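Below is one structure, written out as structure tokens; comments come after it.
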Amino acid sequence: MANTINLTLKVWRQKSSDSPGAFEIYQAHDIDTDLSFLEMLDVVNINLEKNGKEPIAFDHDCREGICGCCGAMINGQAHGPEHGTTLCQLHVRKFRDGDTLVIEPWRSRAFPVVRDLIVDRSAFDRIIQAGGYVTVRTGSAPEAHSLPVPKIDADEAFDSAACIGCGACVAACPNASAVLFVGAKISHLALLPQGRVERERRARAMVERMDLEGFGNCSNHYECEAACPKEISVRNIARLNREFFRAFVKG
Amino acid sequence: MTLDSKVPGGPVSEKWTRHKFDMKLVNPANKRKFTVIVVGTGLAGASAAASLSELGYQVKAFCLQDSPRRAHSIAAQGGINAAKNYQNDGDSVYRLFYDTVKGGDYRSREANVYRLAELSVNIIDQCVAQGVPFAREYGGMLDNRSFGGAQVSRTFYARGQTGQQLLLGAYSALCKEIAAGGVKMFPRREMLDLVVVGGRARGIVVRNMVDGSIESHAGDAVILATGGYGNVFYLSTNAKPCNVTATWRAARKGALFANPCFTQIHPTCIPVHGDCQSKLTLMSESLRNDGRIWVPNKSGDKRPPGQIPEQERDYYLERKYPSFGNLVPRDVASRNAKEVCDKGRGVGSTGMAVYLDFRDSIQRLGRSTIEARYGNLFQMYEKIVDDDPYQVPMMIYPAIHYTMGGLWVDYNLMSNLPGLHVLGEANFSDHGANRLGASALMQGLADGYFVIPYTLGHYFASNRLDPVKAEAPEFKEAEQSARQRIQKFLSLKGKKTVDEFHRDLGLLLWDKCGMSRNQAGLEEALRKIPEIREEFSKNLVVNGSADSLNQSLEKAGRVADFLEFAELLVLDALERKESCGGHFREESQTEEGEALRDDVNFCHVSAWEWAGEGKKPILHKEPLVFDEVHLAQRSYK
Amino acid sequence: MSSESRCALRSSILRKQIVAVTGLILTGFLAGHLAGNFLIFLGPEAFNGYSEKLHAIPELLWLVRLGLIAAFLIHVITTILLTLENRQARGERYAVNGSKSEESLKFAKKTMIYTGLLVLFFLVLHLSDFTLSDKEGPASMIAAGEGNPPRNLGLYGLVWNSFLEPWRAGVYIAVMLVLGLHLSHGIQSLCQTLGFYRNDLVPGIRKLSLVLGLLAAIGFSSVPLFINIVRTPPL
Ligand SMILES: Cc1cc2nc3c(=O)[nH]c(=O)nc-3n(C[C@H](O)[C@H](O)[C@H](O)COP(=O)(O)OP(=O)(O)OC[C@H]3O[C@@H](n4cnc5c(N)ncnc54)[C@H](O)[C@@H]3O)c2cc1C
Ligand code: HEM
Ligand code: HEM
Ligand code: SF4
Ligand code: F3S
Ligand code: FES
């Protein structure tokens, strides 16, 4: 039957953005190794709830690795130790019996903690609002086949568009920089003919917003790529740099 | 009450065009005087909010998640249908329409479905223009695949992440409008009640999920695009916060709830593995193209699959449906899996699974071909189950996936409550008793981009709306009752958590009102649901406070609504004594054990009216008329 | 300057690109400097001749020097500012610092500001050692071989004598290793910053950067090392 293990969890607890936080220690006993990491937290939470305590708050939605809601640092690693995986798709079997896990929220000045492991990532939305779109009205689109797109470009655009906006790149970056996220969106649209019309305006506006939000600068540490559950490549950052430079030169 | 579907006259293919012309328009200068409340930012809500804002309306949009980009639509994998006929394989608007009505087992409204098929082509144009990176061929043209057993290739896709890419497209349009000031976005808000003033839907009451404050928002119309209620079964492929709260609260305010028993079960999901599981994961249906489904002949055979010799295996779908084999439709495949498992022949630790075996196709085609076709799915399976499907057969089991039922709407997507419009999975309209693969995304976007921008204008132009403020007594009342409910949950201090209640309810429903249903079981469920509800109202524990982020409290509200709604779902299943689509009544089957429709007595939409606490809901029927499509019995033998 | 471009100058990416361009200029200077240094192996005439040629047109020399000083200043000021900003961007620190990256250059990346600053301090020593020292004075006198009278070998002699002191040779070699580290990350980093993303070339560039950093360290170190091993100039 199922294997079970015991874990010690050191979890960041913080009531709200303006109250101080601290670590608390919980024992997770007899955890079925087939559980996902979030299901393990569910189990811990049921116990907390039954003992009159408030459960650990964490963001989650799809539990399938696609919505980008979930995420936390496990022993300093964004989304835990497994590569290309969101926290909800990480399984307890990746840990050993007796392990101690330090669980912290994403840390970034631009992502204030909302509660416990939940942070406010609305800065990402504001960056997209600054220009992460093609300006086309509903109903004004031309016939889809009027503009062929080379398969290579479409595939590469997809690779960039696969970003789920989870924020792990910011969390893992030593500088809390958001360039991987921004680069992914810039690349997605710059690779498609539909997106090229507004490329300069877009690059300028999105970078300006990114800076305003208080993210750090990229110094090419490549930790973001390693932490990204969708394995978005840092080449997207290079493309962002080029797109931005292009926009700067074009004035 | 008579249900007026407001389907326009004329031939089915001209109805929408004529209707668009007949509808009244709002003067451009007047549009900004109207405030539209859009609840939900999935495909339906985001596309509606963006399009309405482009027209000049003031839009207030609400969602549960921290960002509109995370709505449940993001999880859709397979693709979106459109009658573009790019493949030249005989597709047409008419064929898509026909397939959808037939696939829905003749329980949907013809005119709506035709419009859906008609608009499908515009959706693809719109999405491509937004920069949705659909799969392409080497020539640069869009690629298509066939999906869900369709005979034509009309499904557009973006790898296995079509829903994500479509939603990001709609989200980007929404962001554009937020930046332009036309949409005001309210994330992390949960709609707790609909506010009706003077017989019209005029606003909502929401809880700010971060600081717990209860807010009122008034407007000239309310659009609900809050998705499906599959989570009433607890375990489903739906995202965790999917709920019935928004639609149920509207139902309690007078909106009719239609066909709640029409729920869809997807045959290929990763089976349940223990008591603590929170969610089921869908594996693409395409796996059935090359995988063979089997169980051991003997019940209780616990040998590892490799040790079960060929002659002791039962490839039951191939045996029973020689012409369709493993490719029978979703409902048939699901029901048969349940049947063998109920006979004790299921596999895996729980006995609630069947094998999906790739051994033969790996032998025939080679591992590399299989890897090219399903590599990412195999990887996902291995990540979750920790078994290598190249070596050991996969285990699968059906799971709740989609809900065809929803709030009743007319052709204009307005419910019987004037001003309340319902889009996407939240309404009941286009899929009848069974939804075809790749058509929910299509419906959400058709509703949001191309239907509501016209029909809402018509509503505004043809009605005189008095100004309403959020300070009106109706709002205060709704706020008050929302607060009371919350205080009730917090004050109970019982012993059982919300999730435990939710699981109890889910198990009961799955058992009695899941893949197959019978009178005795349904009646039993109708007895037991109030018992669970009763215990819930006494023994629930929710800690923490109302004025902070409190996830247990959020869940408590949702589960409380599920507990009320479940009863309606079961009641509907009990009243519909025929089998159709996803609704299989054991009493109504052919001699071969297939679903048997009863068109004489049940060719209608069942729309239920809330009659008050403890009273039996009132059934209204909208007869379904088929002018274009011939009613016929489905057969897959 | 238009208000728009002034805004761009405050932009994270543009400033980063300024670091990259100045880094590139400095790297270019180092390449030339290294080539010049290698002339030491050819003897005093070659080396001193090279130096004299450099000093022949003072206007040009100063022009280049000004460019270099500007590049240095801009590079240093911008990187210090960026580093400070980056620290603030984190906000509250992590209790545990981990990494998922399998990159080999992690140490070099994390220490850019320190390796850079060390090079800066080194430069003070370095300029006072050679550029600001008397190239015709006693420090340039070398007795080549047994019994030969000491000769004034100009800059060559100055360099040779300086490195005969093991501590100085040691300091130089240590700093050269540090510089190599700075470059091993810096060179590929500047390609990334300037927007070079060709899929087929990027892995190569990363390796090249490592190799070039190492070569720079070895190349520069070879002079003090050689002098310390040989001790008497091969005249
Ligand atoms: C795993 C999976 C795969 C699927 N694959 C496909 C496919 O390949 N093709 C296809 O056509 N269909 C597919 N479907 C179905 C399809 O994804 C959904 O039917 C569709 O996306 C629903 O869209 P929607 O806009 O109606 O609602 P949703 O996307 O569910 O959005 C609901 C919105 O309402 C908000 N909301 C809900 N309740 C409240 C409340 N009380 N207060 C405030 N806001 C609220 C949510 O925050 C969210 O923004 C799939 C479904 C699943 C589960
Ligand atoms: C000869 C001397 C130097 C050379 C050749 C050099 C070269 C480089 C190069 C090529 C880069 C990479 C630029 C990029 O990624 O865009 C870089 C970055 C850097 N340099 Fe230097 N540098 C030198 C001196 C210095 C000094 C004196 C400092 C001291 C402050 C310094 C600090 C930095 C820092 C902190 C970075 C990283 C900046 C970032 O990525 O954000 N460097 N250097
Ligand atoms: C072992 C390694 C090195 C040796 C032997 C060496 C040697 C010299 C010598 C002999 C000079 C004087 C040249 C002249 O006046 O004509 C000089 C100048 C200089 N060196 Fe170096 N150097 C070394 C490393 C470095 C490094 C690593 C740097 C940069 C970080 C550097 C920067 C300079 C500068 C800026 C000058 C002044 C150039 C001028 O006069 O404008 N050197 N070096
Ligand atoms: S780039 Fe990767 S890590 Fe960053 S937000 Fe997108 S998916 Fe998450
Ligand atoms: S880790 Fe950070 S420094 Fe740049 S390459 Fe990634 S954003
Ligand atoms: S919960 Fe959606 S990605 Fe983890």
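Kindly indicate whether C:PHE38 is within 16 Å of ligand 3 (Cβ to nearest atom), open to solvent by 70 Å² or more (accessible area, probe 1.4 Å), in contact with a helix residue (DSSP H, G or I) (Cβ under 8 Å, 6 or more places away or on another chain) and more than 9 Å from chain A (Cβ to nearest Cβ). In short, yes.
What about A:VAL149, is it aliphatic (A, V, I, L, M), within 9 Å of another protein chain (Cβ to nearest Cβ) and not in a loop (DSSP other than H, G, I, E, B)?
no
What about A:ARG96, is it part of a loop (DSSP other than H, G, I, E, B), over 28 Å from B:GLY163 (Cβ atoms), out of contact with any Ser or Thr (no Cβ under 7 Å at 6 or more places or on another chain) and within 16 Å of ligand 5 (Cβ to nearest atom)? Answer is no for this residue. Restricting attention to the range B:539-580 and to residues that are farther than 17 Å from B:ASP499 by Cβ and touching a Gly at 6+ places or on another chain (Cβ under 6 Å), the residue that is most open to solvent (accessible area, probe 1.4 Å) turns out to be B:ASP547.
Each residue in the range A:172-184 was checked for being away from ligand 2 (no atom under 16 Å from the Cβ) and either among the polar types (S, T, N, Q) or within 9 Å of another protein chain (Cβ to nearest Cβ) (or both), and 1 of them qualify. Kindly indicate whether any position in the range C:37-54 is β-branched (Val, Ile, Thr), more than 16 Å from ligand 4 (Cβ to nearest atom) and within 25 Å of A:GLY214 (Cα to Cα). The answer is no, given that none of the residues of the range C:37-54 is β-branched (Val, Ile, Thr), more than 16 Å from ligand 4 (Cβ to nearest atom) and within 25 Å of A:GLY214 (Cα to Cα).
In the condition set (1) within 16 Å of ligand 2 (Cβ to nearest atom); (2) open to solvent by less than 10 Å² (accessible area, probe 1.4 Å), A:CYS224 is compliant with all but (2).
Quick grid of which residues meet (1) part of a helix (DSSP H, G or I); (2) within 14 Å of chain A (Cβ to nearest Cβ):
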site: C:LYS135; (1), (2): no, no
site: C:ILE142; (1), (2): no, no
site: C:LEU155; (1), (2): yes, no
site: C:GLY180; (1), (2): yes, no
site: C:GLN188; (1), (2): yes, yes
site: C:CYS191; (1), (2): yes, yes
site: C:GLY219; (1), (2): yes, no
site: C:PHE226; (1), (2): yes, no
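Cβ-Cβ contacts under 6 Å between residues 6 or more apart (or on different chains), taken from a first residue in the range C:188-205 that is open to solvent by less than 70 Å² (accessible area, probe 1.4 Å) to a second residue that is within 16 Å of ligand 4 (Cβ to nearest atom) and assigned to a loop (DSSP other than H, G, I, E, B), are listed as C:SER189/A:ASN220; C:GLN192/A:ASN220.
Looking only at the range A:110-119, residues that are under 12 Å from the mean Cα position of the chain (by Cα) and either among the basic types (Lys, Arg) or surrounded by fewer than 20 Cβ atoms within 10 Å (Cβ to Cβ) (or both) come to 0 in all. Scanning the range B:90-112 for residues that are of a type in the set (Ser, Thr, Tyr) and open to solvent by 10 Å² or more (accessible area, probe 1.4 Å) turns up B:SER92, B:TYR94, B:TYR98. Within the range A:27-73, if we keep just the residues that are open to solvent by 30 Å² or more (accessible area, probe 1.4 Å) and more than 8 Å from chain B (Cβ to nearest Cβ), the residue that is farthest from ligand 4 (Cβ to nearest atom) turns out to be A:ASN51.
From the list A:ALA110, A:ALA130, A:ALA57, A:ALA141, the one residue that fits, being small (Gly, Ala, Ser), at pLDDT 95 or above and in a helix (DSSP H, G or I), is A:ALA130. Please verify whether the range A:194-202 includes one or more residues that are crowded, with 24+ Cβ neighbours inside 10 Å and within 24 Å of A:PHE111 (Cα to Cα). The answer is yes, given that some residue of the range A:194-202 is crowded, with 24+ Cβ neighbours inside 10 Å and within 24 Å of A:PHE111 (Cα to Cα). The single residue among C:ALA70, C:ALA89 that is facing chain A (nearest Cβ under 8 Å) and under 24 Å from C:LEU117 (Cβ atoms) turns out to be C:ALA89.
Residue count for the range C:13-32 under the criterion of being more than 9 Å from ligand 2 (Cβ to nearest atom) and either in contact with a Leu (Cβ under 8 Å, 6 or more places away or on another chain) or open to solvent by 30 Å² or more (accessible area, probe 1.4 Å) (or both): the result is 3.
Of all residues in the range A:56-96, those satisfying the criterion of being within 14 Å of the chain's Cα centre (by Cα), over 22 Å from A:HIS29 (Cα atoms) and more than 9 Å from ligand 6 (Cβ to nearest atom) are A:GLN77, A:ALA78, A:HIS83, A:GLY84, A:THR85. Restricted to the range A:1-26, and to residues that are within 14 Å of chain B (Cβ to nearest Cβ) and among the β-branched types (Val, Ile, Thr), which residue is nearest to A:VAL119 (Cα to Cα)? For the range A:1-26, the residue satisfying everything is A:ILE5. Between B:LYS512, B:LYS555, the distinction of being under 19 Å from B:ASN231 (Cα atoms) and either more than 12 Å from chain A (Cβ to nearest Cβ) or modelled with pLDDT under 95 (or both) belongs to B:LYS512 only.
Selection of first residues in the range B:495-512 that are farther than 18 Å from B:GLN264 by Cα and of second residues that are charged (D, E, K, R) and not in a helix (DSSP H, G or I), restricted to Cβ pairs under 9 Å at least 6 apart or on distinct chains, gives the following pairs, ordered by first then second residue: B:ARG503/B:ASP275; B:ASP504/B:LYS496. Somewhere in the range C:130-139, is a residue within 16 Å of ligand 2 (Cβ to nearest atom) and over 30 Å from C:PRO203 (Cα atoms)? Yes, the range C:130-139 contains a residue that is within 16 Å of ligand 2 (Cβ to nearest atom) and over 30 Å from C:PRO203 (Cα atoms).
So that you can scan it fast, the table gives a plain yes or no per residue for (1) closer than 25 Å to A:ALA162 by Cα; (2) open to solvent by 30 Å² or more (accessible area, probe 1.4 Å); (3) of a type in the set (Gly, Ala, Ser):
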position: B:PRO133; (1), (2), (3): yes, no, no
position: B:ARG136; (1), (2), (3): yes, no, no
position: B:GLY149; (1), (2), (3): no, yes, yes
position: B:THR155; (1), (2), (3): yes, no, no
position: B:GLN161; (1), (2), (3): yes, yes, no
position: B:GLY182; (1), (2), (3): no, no, yes
position: B:LEU194; (1), (2), (3): no, no, no
position: B:GLY198; (1), (2), (3): no, yes, yes
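May I ask you to say which residue of A:ALA247, A:ALA205 is open to solvent by less than 10 Å² (accessible area, probe 1.4 Å), part of a helix (DSSP H, G or I) and not β-branched (Val, Ile, Thr)? Exactly one of A:ALA247, A:ALA205 is open to solvent by less than 10 Å² (accessible area, probe 1.4 Å), part of a helix (DSSP H, G or I) and not β-branched (Val, Ile, Thr), namely A:ALA247.
State all residues of the range A:74-84 that are more than 7 Å from every other protein chain (Cβ to nearest Cβ) and under 16 Å from B:LYS383 (Cβ atoms); if no residue qualifies, say none. A:HIS79, A:GLY80, A:PRO81, A:GLU82, A:GLY84, listed by residue number. Comparison of B:GLU310, B:GLU318 shows that the only residue that is open to solvent by 60 Å² or more (accessible area, probe 1.4 Å) and out of contact with any Ser or Thr (no Cβ under 7 Å at 6 or more places or on another chain) is B:GLU310.
None of A:ARG107, A:ARG137 is basic (Lys, Arg) and either open to solvent by less than 20 Å² (accessible area, probe 1.4 Å) or more than 8 Å from every other protein chain (Cβ to nearest Cβ) (or both) except A:ARG107.
Which one of C:LEU123, C:LEU82, C:LEU68, C:LEU73 is modelled with pLDDT of 95 or more, part of a helix (DSSP H, G or I) and open to solvent by 50 Å² or more (accessible area, probe 1.4 Å)?
C:LEU73
The values are calculated or read from the model by the stated rules, or taken from the named source; none is laboratory data. Just so we're clear, the structure is a prediction, and the values are computed from it rather than from any experiment. A quick note on method: Cβ atoms are made from the backbone with ideal geometry, for glycine too, and the neighbour counts reach across all protein chains shown. Calculation scope for accessible area: heavy atoms of the full protein, side chains included, ligands and nucleic acids excluded. Shrake-Rupley method; radii C 1.70, N 1.55, O 1.52, S 1.80 Å.
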